[in-house]
Amino acid sequence: MNNIINKLKSTDSYILFIYSYLFIMPWNFFKWQMGVFTVILFIWWIFKYKNKIFNMMKNIAMFKPLLLLIIFILYKYLAIIWSDDVFASIEYTNSFNKYYFLMIPVLFTSLTINEARNGLKVLIISFGTYAIFSFLIYLGYFTIEETGSNSSNPKGILGYAIMSVYMAVGIICAFFIAIYSKNKNIKFLFFSIMIFCFIGLFINNSRTAQLAFIFTSFIILIKYYRIYIFNIKTLSSIFIILIATTYFLIESGKFNRYNAAYNEVKNIIVDNKYNGSFGLRIYFTKAGLEIVKNNLIFGTGPLDSIALFENMQKNDPNYNTRIFSSFHNIHIDILAQYGLVGYLLLVFSIISLLYKLKELRLDYMMGVSFFSIIFFISLSNGTFTKKPINYIIISVFILLSVIAYNQYKKQNMNES
């Protein structure tokens, strides 16, 4: 404990503010939180590095994964041009993207490799504290009436579609931090976070996040062991994960949600009826693919796809529930709004970042884990349109970019 206190005392206050900024980001206590703290951080950055900013900004252009991400964000603004309602599209695009242009230069140019790794750990610790918070609600210590959070739905102050993402990411990333750490206290801390996040994931309602965790675990096991899937270690690990997840689902009373999903799929096949959460998502995906097919290359623009989707629901005689304004599938959202051009810019930015990290075992495994979970969850959820998950995705991308870019520079210096 004394070592931690001494390290904190010796850490620059600006870096401590960044850690605090990352820690409170997942909680999203107030609507104004991200805006106010991002602007404060940006102004502080300007005053701190006022004589170096131009040279520092050149580094962004030299790192292709981050450059691709920036081009993707700029392309989202460009797509406003071919939208029917330009002003509404500007407002919509700004609502999700405006702070990215402040976050990217600040975090990318301010942090060292170790500070970026600490930033990732701070985020995972924040996920862990939320898991404990959710667990205490589950045990009945308190309820939150405003959000309908109680022992049967212990989601806390956020929706379960948001907090369950934290739990899924927290389990795997905390596991890797723990096994790669040589410090016993760090190992204990992150193994504890892993356990609480595991419990938090399966006492809450998100089937999507639960399945994303299971699928990602299989991928990670194969990549981590670098062996054939039918190796005894891989099969044993998969068996343990399946047993543990099934047990917690049954104990928490959440297993019946999977039975409901099965019945919803059966209704689609037998009666062509799209009922329930799972059935509607299949309907939304089919409708979205129709829109994508007709606007494949550049998309419809930010809001036009939503208008088309709403009209499809209104004019479909077989559709008899409320009108939705989201496909509940971020892959379809991006393809419909920004076409293959926008989608591939985003995909290649992530793939190229992971490629840059491939020699850094821990950072690479954390990157693969994080983006794999986001990939699977995005098939049934609006990750880039849910706050603060969208900010967390960008923050993790930047922190991993800091590690990859500085490691690349270090290698070049050693070779020369």
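The values are calculated or read from the model by the stated rules, or taken from the named source; none is laboratory data. If you're wondering where the values come from, they're calculated on a predicted model, not measured in any experiment. All Cβ positions, glycine included, derive from the backbone under ideal geometry; neighbour counts span all protein chains shown.
Conditions (1) outside any helix (DSSP H, G or I); (2) buried (at least 20 other Cβ atoms within 10 Å of the Cβ), marked per residue:
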residue: Q337; (1), (2): no, yes
residue: Y343; (1), (2): no, yes
residue: I351; (1), (2): no, no
residue: S369; (1), (2): no, yes
residue: F375; (1), (2): no, no
residue: S380; (1), (2): yes, yes
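Limited to segment 81-93, what total is found for residues that are part of a helix (DSSP H, G or I) and surrounded by fewer than 19 Cβ atoms within 10 Å (Cβ to Cβ)? Even if it seems obvious, please write down each step before you answer.
Here is the first cut: in segment 81-93, the ones part of a helix (DSSP H, G or I) are 81-82, 86-93.
When the remaining residues are screened for being surrounded by fewer than 19 Cβ atoms within 10 Å (Cβ to Cβ), the result is 81-82, 86-88, 90-91.
Summing the residues that are part of a helix (DSSP H, G or I) and surrounded by fewer than 19 Cβ atoms within 10 Å (Cβ to Cβ) in segment 81-93 gives 7.
I'd like the full set of residues that are surrounded by fewer than 20 Cβ atoms within 10 Å (Cβ to Cβ) and assigned to a helix (DSSP H, G or I), limited to segment 355-364.
Filtering segment 355-364 for residues surrounded by fewer than 20 Cβ atoms within 10 Å (Cβ to Cβ) gives 355, 358-362.
Matches in segment 355-364: Y355, R361, L362.
Just the residues that are without any contact (Cβ under 8 Å) to a residue 24 or more places away in the chain and farther than 30 Å from E290 by Cβ, please, taken from segment 320-354.
Within segment 320-354, the subset without any contact (Cβ under 8 Å) to a residue 24 or more places away in the chain is 320, 322-323, 325, 343-344, 347, 351, 354.
Matches in segment 320-354: L354 only.
Restricting the search to segment 89-114, which residues are more than 29 Å from L362 (Cα to Cα) and not hydroxyl-bearing (S, T, Y)? Reasoning before the result, please.
Within segment 89-114, the first condition is being more than 29 Å from L362 (Cα to Cα), and the residues that meet it are 89-98.
Across segment 89-114, the qualifying residues are I90, E91, N94, F96, N97, K98.
Looking only at residues in segment 27-61 that are closer than 30 Å to L335 by Cβ and of a type in the set (A, V, I, L, M, F, W, C), which one is surrounded by the most Cβ atoms within 10 Å (Cβ to Cβ)?
Quick first cut of segment 27-61, residues closer than 30 Å to L335 by Cβ only: 28, 31, 34-35, 38, 60-61.
Those left that are additionally of a type in the set (A, V, I, L, M, F, W, C): 34, 60-61.
Values: M34: 20, I60: 18, A61: 10.
Per the stated criteria, the residue is M34.
Give the number of residues within segment 297-323 that are assigned to a helix (DSSP H, G or I) and either in contact with a strand residue (DSSP E or B) (Cβ under 7 Å, 6 or more places away or on another chain) or closer than 27 Å to I90 by Cα (or both). Write out each step before concluding.
Step one: of segment 297-323, the residues assigned to a helix (DSSP H, G or I) are 304-315.
Okay, now just the ones that are also either in contact with a strand residue (DSSP E or B) (Cβ under 7 Å, 6 or more places away or on another chain) or closer than 27 Å to I90 by Cα (or both), so 304-314.
Selection size over segment 297-323: 11.
Tally the residues that are over 21 Å from Y77 (Cβ atoms), surrounded by 21 or more Cβ atoms within 10 Å (Cβ to Cβ) and in contact (Cβ under 8 Å) with a residue 40 or more places away in the chain, restricting the search to segment 292-319.
Residues flagged as over 21 Å from Y77 (Cβ atoms), surrounded by 21 or more Cβ atoms within 10 Å (Cβ to Cβ) and in contact (Cβ under 8 Å) with a residue 40 or more places away in the chain within segment 292-319 amount to 0.
I'd like the full set of residues that are surrounded by fewer than 24 Cβ atoms within 10 Å (Cβ to Cβ) and either over 21 Å from F375 (Cβ atoms) or touching a Lys or Arg at 6+ places or on another chain (Cβ under 6 Å) (or both), limited to segment 159-174.
I162, the sole residue that qualifies.
Which members of segment 341-363 meet the condition of being over 17 Å from F63 (Cα atoms) and of a type in the set (F, W, Y)?
Y343
Yes/no per residue for (1) part of a loop (DSSP other than H, G, I, E, B); (2) within 17 Å of A116 (Cα to Cα); (3) modelled with pLDDT of 95 or more:
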{"position": "I4", "(1), (2), (3)": "no, no, no"}
{"position": "L8", "(1), (2), (3)": "no, yes, no"}
{"position": "Y19", "(1), (2), (3)": "no, yes, yes"}
{"position": "G35", "(1), (2), (3)": "no, no, no"}
{"position": "K50", "(1), (2), (3)": "yes, no, no"}
{"position": "K58", "(1), (2), (3)": "no, no, no"}
{"position": "F72", "(1), (2), (3)": "no, no, yes"}
{"position": "S95", "(1), (2), (3)": "no, no, no"}
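So for segment 388-409 (the condition being touching a Gly at 6+ places or on another chain (Cβ under 7 Å) and closer than 23 Å to L74 by Cα), does at least one residue qualify? Walk me through how you get there before you give the answer.
So the first thing to find is which residues in segment 388-409 are touching a Gly at 6+ places or on another chain (Cβ under 7 Å), and the list is 399-400.
Among the residues that remain, those that are also closer than 23 Å to L74 by Cα are: 399-400.
Yes, that holds for at least one residue.
Residue check, S401 against (1) under 13 Å from the mean Cα position of the chain (by Cα); (2) of a type in the set (S, T, N, Q); (3) under 30 Å from I80 (Cβ atoms), all met but one. Which one?
Single failed check for S401: (1).
Does K387 satisfy being closer than 30 Å to I81 by Cα, over 20 Å from the mean Cα position of the chain (by Cα), surrounded by fewer than 19 Cβ atoms within 10 Å (Cβ to Cβ) and not small (G, A, S)? It would help to see each step written out before you state the result.
On the way: closer than 30 Å to I81 by Cα: yes; over 20 Å from the mean Cα position of the chain (by Cα): no; surrounded by fewer than 19 Cβ atoms within 10 Å (Cβ to Cβ): yes; not small (G, A, S): yes.
Judged against the criteria, K387 is not a match.
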